[in-house]
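Before any comments, here is the structure.
The values are calculated or read from the model by the stated rules, or taken from the named source; none is laboratory data. Since the model is a prediction, treat every value here as computed from it, not as a measurement. All Cβ positions, glycine included, derive from the backbone under ideal geometry; neighbour counts span all protein chains shown. Each accessible area value is taken on the protein alone, full model and side chains, heavy atoms only, with ligands, DNA and RNA left out. Shrake-Rupley method; radii C 1.70, N 1.55, O 1.52, S 1.80 Å.
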Amino acid sequence: MKKVLVIGAGGQIGTELVVGLRKRFGNDNIIASDVKDEVKDALKDGPYEKLDVMNDADLKEVVAKHQITEIYLLAALLSATAEKHPDFAWKLNMDGLFNVLNLAKDGVIEKIFWPSSIAVFGPNTPKDNTPQYTIMEPSTVYGISKLAGERWCEYYAKQYDVDVRSIRYPGLISYTSLPGGGTTDYAVDIFYSANRNEKFTCFLSEETGLPMMYMEDAIRATINLMEAPKESIKIRSSYNLAGISFTPVEIFNAIKRVRPNFEIEYAPDFRQKIADSWPSSIDDTHARQDWGWEPEFDLEKMCEIMLDNVLKN
Ligand code: SER
């Protein structure tokens, strides 16, 4: 029987993933875990464990207690925060991954999901329609940790037959749970300003195109990837995945069509340099071919849902 542990369940992706997995596989089969003592309301429908993934002994204890078969490892520091705490970011992003990979190598668990990111690309990568296989020279601590993690995932898959699966997530847009410490976070924050009738100050310049995706698409992609037959997963580093690509001025204009008085100003900060090193759009042919990926949300549909919901949560 499937027993899933979601590590980092209190975060932006983790929260919605737990909800999605519980809907599909039953509340009691999905164990949410996070370093925080306090359990979020959204996670209260099933089991919760306080867990620091860097503590290998505690991780093993939780896995044994619940007889876990699959782990989704979402605990990580994102790009902007990682630049401020490089040592800790490297430790968290790498130690956590090794602890989980080794559980699979030792035959304790059967399957792993680990997220990578568009941050694995760098300033020398082709920016438009960035291919799966291309120049990868990330210039952020976060990107370096994700690229190293991808290489280790593939190594464990090839050397030890570990069933690890991964997606290079674009910037994710959601309202249930807020992002924190990312370079793509502006695309969530903008909806709060729009709904409060406040002028939005954007920390990126107006023409900074980045790959983005509405959270519902990302959760569907993640679960579909994990449920796909093992033979169809040809890439064991991480899959490119594309949803919607836009610039700050494009999302501003899309919101302005529904909120005509909305205003924006641009005040790029240190995150501009990070964004400038990333692709503006992604080629996800392999994900489409190997496990049937197809996005459902475009910019208009996503804006409509976000404007309807951000202030309710
Ligand atoms: N959303 C992430 C960030 O901005 C990218 O994976 O750091």
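Answer yes or no: is there a residue in region 221-234 that is under 27 Å from Ala82 (Cβ atoms), within 16 Å of the ligand (Cβ to nearest atom), in contact with a strand residue (DSSP E or B) (Cβ under 7 Å, 6 or more places away or on another chain) and hydrophobic (A, V, I, L, M, F, W, C). Checked against the condition, which is being under 27 Å from Ala82 (Cβ atoms), within 16 Å of the ligand (Cβ to nearest atom), in contact with a strand residue (DSSP E or B) (Cβ under 7 Å, 6 or more places away or on another chain) and hydrophobic (A, V, I, L, M, F, W, C), region 221-234 yields at least one hit.
If you take the residues of region 265-280 that are open to solvent by 30 Å² or more (accessible area, probe 1.4 Å) and under 16 Å from Phe246 (Cα atoms), which of them is nearest to the ligand (Cβ to nearest atom)?
Only one residue tops the list, namely Asp276.
Among the candidates Thr222, Thr201, the residue that is out of contact with any Pro (no Cβ under 6 Å at 6 or more places or on another chain) and open to solvent by 60 Å² or more (accessible area, probe 1.4 Å) is uniquely Thr201. When Thr184, Thr247 are checked against the criterion of being within 16 Å of the ligand (Cβ to nearest atom) and surrounded by fewer than 20 Cβ atoms within 10 Å (Cβ to Cβ), Thr247 stands alone in meeting it.
Among residues of region 131-154 being open to solvent by 10 Å² or more (accessible area, probe 1.4 Å) and of a type in the set (Gly, Ala, Ser), the one that is farthest from the ligand (Cβ to nearest atom) is Ala148. Among the residues making up region 164-181, those that are of a type outside the set (Gly, Ala, Ser) and either within 11 Å of the ligand (Cβ to nearest atom) or at positive phi (or both) are Ile167, Arg168, Tyr169, Pro170, Leu172, Ile173, Pro179.
Reported count of residues in region 188-210, each being closer than 29 Å to Lys40 by Cα and within 9 Å of the ligand (Cβ to nearest atom), is 0. Of all residues in region 195-246, those being more than 25 Å from Asp128 (Cβ to Cβ) and modelled with pLDDT of 95 or more number 19.
On the stretch given as region 49-86, residues that are more than 21 Å from the chain's Cα centre (by Cα) and within 16 Å of the ligand (Cβ to nearest atom) total 0. Residues in region 120-130 that are buried (at least 18 other Cβ atoms within 10 Å of the Cβ) and of a type in the set (S, T, N, Q): Thr125, Thr130.
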